[in-house]
1. One residue is enough: does the stretch 168-191 have a residue meeting the conditions assigned by TED's automatic domain parsing to the domain that holds VAL79, exposed (fewer than 15 other Cβ atoms within 10 Å of the Cβ), touching a Ser or Thr at 6+ places or on another chain (Cβ under 8 Å) and closer than 23 Å to ALA242 by Cβ?
2. For PRO236, work out the one condition from (1) in contact with a Leu (Cβ under 8 Å, 6 or more places away or on another chain); (2) closer than 25 Å to LYS225 by Cα; (3) surrounded by fewer than 19 Cβ atoms within 10 Å (Cβ to Cβ) it doesn't fulfil.
3. Could you list, in sequence order, the residues of the stretch 24-56 that are buried (at least 21 other Cβ atoms within 10 Å of the Cβ) and either closer than 18 Å to VAL79 by Cβ or of a type in the set (Asp, Glu) (or both)?
4. Is one or more of the residues making up the stretch 389-404 surrounded by fewer than 12 Cβ atoms within 10 Å (Cβ to Cβ) and either of a type in the set (A, V, I, L, M) or within 30 Å of LEU153 (Cα to Cα) (or both)?
5. Name the residue that is nearest to LYS250 (Cα to Cα), counting only residues in the stretch 268-299 that are of a type in the set (D, E, K, R) and either surrounded by 22 or more Cβ atoms within 10 Å (Cβ to Cβ) or touching a Lys or Arg at 6+ places or on another chain (Cβ under 7 Å) (or both).
6. Given the options THR312, THR316, name the one that is of a type outside the set (Lys, Arg) and at pLDDT 95 or above.
7. Within the stretch 339-365, take every residue that is more than 36 Å from the chain's Cα centre (by Cα) and free of Cβ contacts under 8 Å to residues at least 40 places away in the same chain and give me the one that is farthest from PRO414 (Cα to Cα).
8. Show me the strands (runs of 3 or more DSSP E) entirely contained within the stretch 256-366 in which 3 or more residues are farther than 30 Å from LEU181 by Cα and outside the structural domain of LEU230 (by TED's automatic domain parsing).
Amino acid sequence: MDKQALRIGAGAGYAGDRIAPAVELAEKGQLDYLVFECLAERTIALAQLERTKDAAAGFDPMLQARMRAVLPACISQGVRIISNMGAANPLQAGQAVLAVADELGLPQVKVAVVLGDDVLATLIQTGSSLSVQESTQTLADLQAQLISANAYLGAEALLPALQTDAQVIITGRVADPALFLAPLMHHFSWAPNDWTRLGKGVLVGHLLECAAQITGGYFADPGYKDVPNLARLGFPLAEVSASGDAVITKVPNSGGCVTVATCTEQLLYEIEDPARYLQPDVVADFSQVKLTQSGPDRVQVMGGQGHPRTDTLKVTLGYRDGFIGEGQISYAGPGAQARGQLALDLVRQRLADAGYGKFEGRYDLMGVNAIFGPGSSAGSEPAEVRARVALRVPTLQQATQVAQEVEALYTNGPAGGGGASRSVREVIAAAAVLMPRSAVHTSTVLLTQDT
């Protein structure tokens, strides 16, 4: 192990990720930092809704469980935790971490909370003419439906928090790779205009941010891409040098694998232009990246580059976009597919007669054409199918009617239907605008157990 390298582990790749691999990293990874990346595009809008119902809510609901699991090992071994689990309420999330520390009898725990990503008020006041990306709308067109507006902060916003002696750093919306780039900038004293090193740091963050995807979880495909001991899948860590070059690896004897193939898949994940990966701190360039297998479950990463950052920051908008009414029902035995198709046809006609034909909808036979769409086939006649109808409609009442129409197939449709279910949910959609970087102002609040 390179004693000069900074060791950063990925404790989560999304809000509902497994906790056991993070505990393994905390206890056995010999880490300097453990990062939990838990905030997706719509997650923060949903969190804002929770906060409107309860002022003490709005942060990741798994925050306390994760902290109970990893905080003892991290505190005892000097591992600092960084996470965007603050979501829509970072300050309350910080207080929740301190409450867990008190519960576990861990003294002198400090939490640094990064604020400033919530820019809803600023946008409403000054940004109504901003164009919504991939749309002909402006912000003003969505204003009546807006729930949230959160800017993607960069690593620079986290540096004041890292300069404190806080063991836990909690943020709201931060660009995913920035959670990993920030400790590299802090530890190695990288300048905010050292574009090459910042590009390499973003590369490290991008490779780690989805956790188990790079250790074989999303990679696994039996018979084609076999992954050993998948049930005990380990999460990744990086050993990063002062130059920004890194080795991706995992805890010895944990499940999964780290190979050039797993790293290549993650390298390309969600990257539109590998030569211009726009991030708050730098425009990263992955076009010359070289991956080399340097040992079992060890991949050397070199060749990342970077270019000057843009003058704008991406802002994710969360807004109300109607309701989805959904119903499902199963058919089994001889003629199951034909009966399932008849069920769909009946519901489609009945909803059209009720004036619902103009709404966006799906009519699927799961196991037959739910993925590939009408005209696809399962091949041989399936022994069972599940019919699913889902429509997006403007009102809750309309969504309820859609779901009820499917359930009514029990007695108003083909023979043998069973296991009907129905659900109605509000649609929280996400969009994006770009706002001037100069309009976003961040701050850090240090919380201690005696405050």
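1. no
2. (3)
3. Keep residues of the stretch 24-56 that are buried (at least 21 other Cβ atoms within 10 Å of the Cβ), which gives 24-26, 29, 31, 33-39, 43-45, 47-48.
Once the filter is applied, which keeps residues that are buried (at least 21 other Cβ atoms within 10 Å of the Cβ) and either closer than 18 Å to VAL79 by Cβ or of a type in the set (Asp, Glu) (or both), the stretch 24-56 yields GLU24, LEU25, ALA26, GLY29, LEU31, TYR33, LEU34, VAL35, PHE36, GLU37, CYS38.
4. No: zero hits.
5. Only one residue tops the list, namely ASP297.
6. Just one listed residue meets the conditions, THR312.
7. Applying the filter and picking the extreme gives GLY355.
8. Because the criterion is at least 3 residues that are farther than 30 Å from LEU181 by Cα and outside the structural domain of LEU230 (by TED's automatic domain parsing), the strands (runs of 3 or more DSSP E) in the stretch 256-366 that meet it are 312-332, 361-366.
The values are calculated or read from the model by the stated rules, or taken from the named source; none is laboratory data. None of the values given here were measured: they were computed from a predicted structure. Note that each Cβ is placed from the backbone with ideal geometry, even for glycine, and that neighbours are counted across all protein chains shown.
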